[in-house]
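Structure, as C-alpha cells:
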Amino acid sequence: MKDLIQTLRNIFKIPELKSRILYTLLLLAVYRLGTFITLPGVDPVALQGSFGSSGAGGNLLDLFNTFLGGAFARGSILALGIMPYISASIVVQLLGAVLPAIQKLRLEGESGQRKLNQITRYLTVIITLVQAVSYMTYLTSQEAGLALTQQWYLYMVSVCILTAGTMFLVWLGERITDNGIGNGVSLLIMIGIISQFPSALLSEANMNLPMVFFIEILALMVVTGAVVALTQATRKIPVHYARQMVGNKLGQMGRGNAARQYIPLKVNAAGVMPIIFAQAIMFLPATLIQWSGSESLQGIAGQLSDITSVLYNVIFFLLIILFTYFYTAITVNPNEIADQLKRNGGFIPGVKPGKRTAEYIDTVLSRITLPGSVFLAFVSIFPAIAVSMGVSGPFSQFFGGTTLLIMIGVTLDTLQQVESYLLMRHYDGLMQTGRVKGRSRGVAY
C-alpha cells in the first residue's frame, strides 16, 4: 500500500504528466455530461422504458447502448457516440489492404497520414448521417418520439445534431490523444462502458444472495485475469544480428534493433477487431429478414438478434475465428518483417534470410493464431454462458466479449503511457517486476 501511495505521489510530481491527466479527466467529464443532454422533442423517460422492455442485455441494441454509456437509450445528442468514426477507420484500414492508392498514402509518412485522417473524417460524416436517420426512424417508432412525427423540422435538426455530436467526439478524442494521456478514442469508449458497471454491479448484488454474488465476483476476476493473459501473450522468435568492425571495436549492425533480440508475435495480434467485425455481420441477416417481411423467417431473425441464443453464438464463434485469421493476415506482414531483418543484418538462427524467413514467420504466426482465435471466441460468447448460469444481462456483458477486451486493452495502454513518463524521470514504474505491456500493434480500440 505504501508503494502504491508513493507511486501516485511520483505521478503528480511530474508537471507534464499531472497536467495531461487532469486535461484528460476534464474532457472525459465533458463527454459524460453530453450523454445526458437529450435531443429536442424526445422524452428520455419514455424512451428508456420502451428500450428496457426489449430485454435486459439480451439483444444487440442493449450491447450497443453499453458501449455508449447509456446515451443511446436516453436519446442523447451523443447517442451515436464515436462508433461511426470507428466504422470509418475500419473501412479505410481494410481498403488499404486492397487499394494501391491507400497503400501509397501510408508510405508517404506524416503527409500521407494526414490525408488518410481527412478521408476517415469525411467517411465518418457519411456513416453518421446514415446512422442518424436510422436512429431517428427508431425514435419515431417509439412513444418517446411522438413530437418528431408531428414537427418534421425537429427530425431534420436532430439528424444534424447527432452528426455534429459524433464529429465533436472525434475532435475530443484527438485533443485527448495530443494533449492528454493515452488514445482518446479508446478512452471515450472505455469511459462509456465503465459508466454502466456500477449500476450493473448494484443491480446484481440486490438480485442475488451474498454467497452467489461473491462467487460471481470471483468468476469475473478469473475471466479478467485470463483476458489480460491473452492480451499480453507473446511468442518470441529469437534473432541474431551480424557484427561488423566499428573503428577498433566490434559493433553490431542494426543498432535500432540491437536491444531487442527477438521478434514479438502477439498470440492475439488482431485484438478486439474480430469481435467488432463479427458483431457488424450479425446485424445484417436479422435486418434483411425484417425488411423482407417473411413471417417464416421471423423466428430466425429473433435468434440472430438475441445474443443469448444458441444459433447466434455458434455463428458468432465461427465468425470470430475466421476474422481473427483475416485481420491478422492484413495487419502482420511476414514479408515486410523478413525484409527489415535482412536490411538490418538480422537473421533467425537456422533459417535462411529472405523468403525462407518470411515463410517461417508465417508458419509460426498461423500456429499461434489458432489457439488465440479459439480463446478469443470463447471469451466473446462467455457473456451468453454467464446469462445461462443465472447472471443478469447487464452484468453479464462484463464477463467477456468486446466490453471486457476494450476495458483491459485501453487500461494496459494507458498504464504503459504513465509508466513511460515515470521511467523517463527516473522514478520506479508501476510494477516492481517486469513492465506494463500494452497492445503492440493494430488499431487502438
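Laid out as a table, the results:
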{"read-out": "Filter result for GLU108 (over 28 Å from ILE21 (Cα atoms) and among the acidic types (Asp, Glu))", "value": "yes"}
{"read-out": "Residue among PRO349, PRO353 that is at pLDDT below 90 and surrounded by 13 or more Cβ atoms within 10 Å (Cβ to Cβ)", "value": "PRO353"}
{"read-out": "Criterion (in the same structural domain as GLN279 (by TED's automatic domain parsing), among the aliphatic types (A, V, I, L, M) and without any contact (Cβ under 8 Å) to a residue 60 or more places away in the chain) met by exactly one of LEU376, LEU412, LEU405, LEU370", "value": "LEU370"}
{"read-out": "Single residue of GLY173, GLY192, GLY180, GLY165 found to be in contact with a Lys or Arg (Cβ under 6 Å, 6 or more places away or on another chain) and in contact (Cβ under 8 Å) with a residue 12 or more places away in the chain", "value": "GLY180"}
{"read-out": "Filter pass, ILE176 being part of a helix (DSSP H, G or I), modelled with pLDDT of 80 or more, more than 21 Å from the chain's Cα centre (by Cα) and of a type outside the set (Gly, Ala, Ser)", "value": "no"}
{"read-out": "Failed condition for GLU419, given (1) out of contact with any Lys or Arg (no Cβ under 9 Å at 6 or more places or on another chain); (2) modelled with pLDDT under 85; (3) in a helix (DSSP H, G or I)", "value": "(1)"}
{"read-out": "Subset of region 356-367 [among the small types (Gly, Ala, Ser) and either surrounded by fewer than 18 Cβ atoms within 10 Å (Cβ to Cβ) or not assigned by TED's automatic domain parsing to the domain that holds GLN232 (or both)]", "value": "SER366"}
{"read-out": "Test result for LYS236, at pLDDT 70 or above and surrounded by fewer than 12 Cβ atoms within 10 Å (Cβ to Cβ)", "value": "yes"}
{"read-out": "Any chance SER54 is modelled with pLDDT under 85 and polar (S, T, N, Q)", "value": "yes"}
{"read-out": "In region 204-226, residue surrounded by the most Cβ atoms within 10 Å (Cβ to Cβ) [restricted to those that are of a type in the set (Val, Ile, Thr) and under 23 Å from the mean Cα position of the chain (by Cα)]", "value": "VAL223"}
{"read-out": "Boolean, LEU116 is over 19 Å from the mean Cα position of the chain (by Cα), surrounded by 14 or more Cβ atoms within 10 Å (Cβ to Cβ), at pLDDT 85 or above and not β-branched (Val, Ile, Thr)", "value": "yes"}
{"read-out": "First in region 20-43 and farther than 19 Å from SER195 by Cβ, second anywhere and surrounded by fewer than 18 Cβ atoms within 10 Å (Cβ to Cβ) and among the small types (Gly, Ala, Ser), Cβ under 9 Å, 6 or more apart", "value": "PRO40/ALA147; GLY41/ALA147; VAL42/ALA147; ASP43/ALA147"}
{"read-out": "Hits in region 143-173 (condition: at pLDDT 80 or above and more than 14 Å from LEU39 (Cβ to Cβ))", "value": "MET167, PHE168, LEU169, VAL170, TRP171, LEU172, GLY173"}
{"read-out": "Selected residue (only one of PHE382, PHE326 is out of contact with any strand residue (DSSP E or B) (no Cβ under 6 Å at 6 or more places or on another chain), under 23 Å from GLN103 (Cβ atoms) and either modelled with pLDDT under 90 or not assigned by TED's automatic domain parsing to the domain that holds VAL272 (or both))", "value": "PHE326"}
{"read-out": "Odd one out for LEU188 among (1) modelled with pLDDT of 85 or more; (2) surrounded by fewer than 17 Cβ atoms within 10 Å (Cβ to Cβ); (3) in a helix (DSSP H, G or I)", "value": "(2)"}
{"read-out": "Flag for VAL212 being under 30 Å from VAL267 (Cα atoms), part of a helix (DSSP H, G or I) and modelled with pLDDT under 90", "value": "no"}
{"read-out": "Selection count, region 95-144, where residues are within 28 Å of SER158 (Cβ to Cβ), in a helix (DSSP H, G or I) and out of contact with any Gly (no Cβ under 6 Å at 6 or more places or on another chain)", "value": "25"}
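The values are calculated or read from the model by the stated rules, or taken from the named source; none is laboratory data. Note that the structure is predicted; figures quoted are calculated from it, not measured. In this analysis, Cβ positions are derived from the backbone assuming ideal geometry, glycine residues included, and neighbour counts consider all displayed protein chains.
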